[in-house]
Amino acid sequence: DGGITQSPKYLFRKEGQNVTLSCEQNLNHDAMYWYRQDPGQGLRLIYYSQIVNDFQKGDIAEGYSVSREKKESFPLTVTSAQKNPTAFYLCASSIFKNTGELFFGEGSRLTVL
Amino acid sequence: KNEVEQSPQNLTAQEGEFITINCSYSVGISALHWLQQHPGGGIVSLFMLSSGKKKHGRLIATINIQEKHSSLHITASHPRDSAVYICAEEEYGNKLVFGAGTILRVKS
C-alpha cells in the first residue's frame, strides 16, 4: 500500500549530538514537508521540498537541515544547534506544494536527555 | 498575521452524542483542511474543502467563506472517534497554518 514511513518512532539523544529522522514515501508525490508538534501548539513547518534537489526553509528551520536527493526520501537532521529539540516530528507529502490532500507519516518522537 | 483558532480545546462526550468542533481563521484562503490525529500520533486527512459542505460517513465538514469559519460535525459519536481534530487553513499559493487542535474523548 502507498504511504509515508517515518523512522525511528522513538529516539533518545544526548545533548550535543546530531540525529537524523528518516521519511520515505511511495506515493510519487512531488512535495514533502517536515513539521514539528509541541503540546498545545499547532504544527509548525520546519522545511519543505517541492522537487528533488530543492528545499526551502519553513518557519522554524534554525538548527535543522534536510536533503532531497531522491523523490521518495526527505530526511531531517536535528543538529546540536537546535536549542530545544525535544518534540514530535511529522513528515508529510502532497502531490504539489500546498495543493491537495496531505498524507502524514506516523511521526517520530525525539527526546533529548 | 494569520491565526487559526479552534474551539473547544477539550471536549468530552457520551457515546451517541452529536459533536461540533469549530475553526475560525483570519485571512482569505484557498482551502480548509480537517485532520484527525489518533493517539499513536499519526495524522489522517479527513476533509479538504473550499466551499459548502462535505460528508464522509458520520463526519460532516462545513465552511462559510464570508464568516471565515468552518465546523466539523460527528454524528452518533463512538469511543473510536476519540482523537485530536486539527483544522488547517491553506492560503493562496502559500503555506498551511494549523490550529492547536481539539482533544475529543467519547465515553461509552
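Read-outs throughout are calculated quantities, based only on the coordinates presented, and are distinct from any laboratory measurement. Note that the structure is a prediction, hence the values are computed from the model and not measured. So basically every Cβ, Gly included, is an ideal-geometry build from the backbone, and we count neighbours across all protein chains shown.
Restriction of the GluC sites (Glu not before Pro) in the range B:5-108 to DSSP coil positions whose beta-carbon has at most 10 other beta-carbons within 10 angstrom yields B:Glu67.
Both the radius of gyration and Dmax for the protein assembly as shown are 17.4, 50 Å, in that order, over alpha-carbon atoms.
Note on B:Lys95: lysines with a C-alpha under 18 Å away, same-chain residues under 8 apart excluded, are A:Lys57, A:Lys97, B:Lys1, B:Lys68. Remark: A:Val66, A:Val19 ranked as A:Val19, A:Val66, counting other beta-carbon atoms within 10 Å and listing the fewest first. For B:His78, project a label point 7 Å along Cα to C-beta. Then give me every residue of the range B:44-68 with its amide nitrogen under 16 Å of that point. Within reach of a label on B:His78, which here means backbone N under 16 Å from a point 7 Å along Cα→Cβ, the range B:44-68 contributes B:56-60. Ranking of B:Thr62, A:Thr5 by neighbouring Cβ atoms within 10 Å, starting from the fewest: A:Thr5, B:Thr62.
For chain A, the Kirkwood estimate of hydrodynamic radius, built from reciprocal distances between every pair of different alpha carbons, is 13.9 Å. So if R0 is 35 Å, what FRET efficiency would A:Tyr10 and B:Thr12 give, r being the distance between their Cβ atoms, rounded to the nearest 0.05? Computed FRET efficiency for A:Tyr10 and B:Thr12: 0.75. Note on A:Thr79 and A:Leu27: with the Förster distance fixed at 22 Å, the Cβ-Cβ geometry gives a FRET efficiency of about 0.20. Counting Cβ atoms of other protein chains within 10 Å of each Cβ in A:42-51 and taking the mean gives 3.
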